[in-house]
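Take a look at the structure set out below.
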Amino acid sequence: MTGRIDPPVVRPTDTELSIWAHTRPARAGGLVRTKAHIFKDCVDWEDFYRSPDSLNPDDWESKVLAGFRGEWFAHVLEGCERVLDIGCGFGFPSLYLARRGHEVTGVDPSSSEIRTAREIASRMVPRPRVSFVNVGERELPFPDDSFDGSALSTSLECALEPATMLEEMKRVLRPGSPVAIQEEDRSLQPESHPVWEKLRWAFFDEAVLLWYEVRVQDPYLDRRYMLRMDADGRAVQRMRHLASRVLDRKDGLPVVDFADAGISLESALSDVSDGRWSQAQGFDPRTLRRLLAGAGLGDIRFWLLPDGKRLAHSLERNGLLPAMPADARQVLRSVLESMQTTDLPVSCVVSCRTL
């Protein structure tokens with residue numbers, strides 16, 4: 001296995017030290033995603049293919065159906081004919097925006113995410129006006145002024161060079177184009193968990209992966225490892241019963257906690273055949289503002305999105321939920337249009353505009 005150890009932003013955990021002692025996973029851009037696996041739980045998620053139900057409070061906070069998060073992107077990008085979704089993953093907000101009439105191009109450096117997004121789009125009726133393109137980390141394969149709006153959903157923190165990403169975005173957008181950006185608000189992470197770790201097994205038809213994540217409160221850092229196991233190794237042979245049970249499940253990611261396999265970390269690591277790791281630097285609102293302003297974006301406005309599920313339960317308690325329109329989106333849009341925004345960095349939900 002090839003690769004090199006990049007200087008960590010923070011001291012490695014004991015688990016990371018064990019990984020590096022046994023193997024040398026290659027550095028990947030952004031958050032590690034597998035290269036060759038369709039995430040079946042996403043493809044089969046019924047919310048992609050059904051209409052929202054205003055009597056179901058959960059639908060009021062579903063980003064795919066009609067949650068404030070999805071509708072916020074549509075609100076900021078209202079009137080844009082051609083929208084670029086940078087870091088689209090398996091299709092949000094691309095598919096939401098396409099169903100609202102936009103012509104959307106979603107781009108992502110992960111080939112597996114793009115394959116998953118294409119599979120979801122192919123099953124949707126009517127077929128949305130959306131295309132998905134696998135791109136590199138630093139260049140977008142589009143001419144100048146190709147789009148009149150852009151969306152980024154937890155994309156900047158996944159980029160090796162977020163400033164370069166924004167420069168490329170500006171190049172392919174027409175002057176004056178609105179941009180909708182939503183990042184995880186790292187300043188809201190619980191202080192009681194300065195270092196958070198998770199070690200899991202991930203099962204696919206053609207591979208078993210050892211999936212390790214570490215999140216650090218300060219300086220808002222994620223590191224993730226996707227370590228592919230030797231199909232003929234002892235660890236995979238011992239987990240055949242576990243793999244079949246997980247792959248037969250109808251919902252949820254195809255993962256289980258590492259401890260459920262009853263295999264020691266050292267034994268598992270000795271069976272790793274290939275691997276990738278990544279390091280993502282998150283943002284708090286102030287650093288996000290500095291990044292956007294430094295990239296020459298203007299009209300930077302911060303939003304505090306309401307909680308749609310809480311709103312729906314409040315309507316339910318007051319006997320008003322049955323009186324709502326069949327598609328709760330109309331109500332969500334009305335709430336968003338009445339919201340005040342601020343130029344103070346109060347959240348990581350931001351709209352801005354190219355100059």
Exercise. Measuring from centroid to centroid over Cα atoms, what is the spacing of the range 133-195 and the range 56-126 in Å?
Worked result: 15 Å
Problem set entry | Among (1) 5, 22, 31, 27, 13, 3, 0; (2) 5, 21, 26, 21, 16, 8, 2, 0; (3) 5, 19, 21, 11, 11, 14, 11, 6, 2, 0, the entry derived from the coordinates for P(r) over Cα pairs in 10 Å bins from 0, in percent | (1)
For this session: Could you tell me, in Å, what Rg and Dmax come out for the Cα atoms of the range 96-156?
Result: 12.0, 34
For this session: Could you check which residue among GLU206, GLU16, GLU81 shows the biggest mean-square fluctuation in a GNM of the chain with a 10 Å Cα cutoff?
Result: GLU206
Seminar exercise, completed: Scalar couplings 3J(HN,Hα) for the range 56-70 by Karplus 6.51 cos²θ - 1.76 cosθ + 1.60 (θ = phi - 60°), nearest whole Hz, x for Gly and Pro, are 9, x, 4, 5, 6, 10, 9, 5, 7, 8, 7, x, 4, 5, x
Exercise. Rounded to the nearest 500, what is the chain's calculated 222 nm mean residue ellipticity when only DSSP H runs of at least 4 contribute -39500 (n - 2.57) each, over all residues?
Worked result: -7500 deg cm²/dmol
Exercise. Among HIS22, HIS313, HIS75, HIS102, which comes first, second and so on when ranked by fewest other beta-carbon atoms within 10 Å?
Worked result: HIS313, HIS22, HIS75, HIS102
For this session: Can you tell me which of 325-333, 144-152 comes out highest on packing, and rank the rest after it, using the mean Cβ neighbours within 10 Å?
Result: 144-152, 325-333
For this session: Enter the per residue convex hull volume of the range 130-255, computed from alpha-carbon coordinates, in Å³ rounded to the nearest integer.
Result: 174 Å³
Exercise. Once the principal axes of the Cα atoms of the range 19-143 are found, what is the range along each, listed largest first in whole angstroms?
Worked result: 54, 37, 24
For this session: Out of all DSSP beta bridges with both ends in the chain, state the antiparallel percent to the nearest 5.
Result: 65 percent
Exercise. With the contact rule set at Cα under 8 Å and sequence spacing of 6 or more, what percent relative contact order holds for the chain?
Worked result: 22 percent
Exercise. Measuring from centroid to centroid over Cα atoms, what is the spacing of the range 207-254 and the range 259-322 in Å?
Worked result: 20 Å
For this session: Kindly put THR105, THR23 in sequence by how many other C-beta atoms sit within 10 Å of each C-beta, fewest to most.
Result: THR23, THR105
Problem set entry | lysines whose Cα lies under 21 Å from that of LYS40, excluding same-chain neighbours fewer than 8 positions away | LYS63, LYS250
Problem set entry | Compactness of the range 182-244 as Cα Rg over 2.2 N^0.38 Å, two decimals | 1.48
Exercise. Going by how many other beta carbons lie within 10 Å of each one, how would you line up TRP196, TRP20, fewest first?
Worked result: TRP196, TRP20
Exercise. Over the Cα atoms of the range 240-340, what Rg and Dmax result, in angstrom?
Worked result: 23.6, 60
Seminar exercise, completed: Taking 0.36 nm per residue of separation between GLU197 and SER334 and subtracting their Cα-Cα distance, the length gained on full extension comes to 45.3 nm
Problem set entry | Rounded to 10°, Cα long-axis angle of helix 329-338 versus longest principal axis of the chain | 70 degrees
For this session: Compare the Cα positions of SER146, THR287, LEU227 along the charge dipole of the range 137-293 (+1 at Cβ of Lys, Arg; -1 at Cβ of Asp, Glu; about the Cα centre) and return the one farthest towards the positive end.
Result: LEU227
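Readers should treat all values here as calculations from the given coordinates under stated rules, not as data from a laboratory. None of the values given here were measured: they were computed from a predicted structure. Note that each Cβ is placed from the backbone with ideal geometry, even for glycine, and that neighbours are counted across all protein chains shown.
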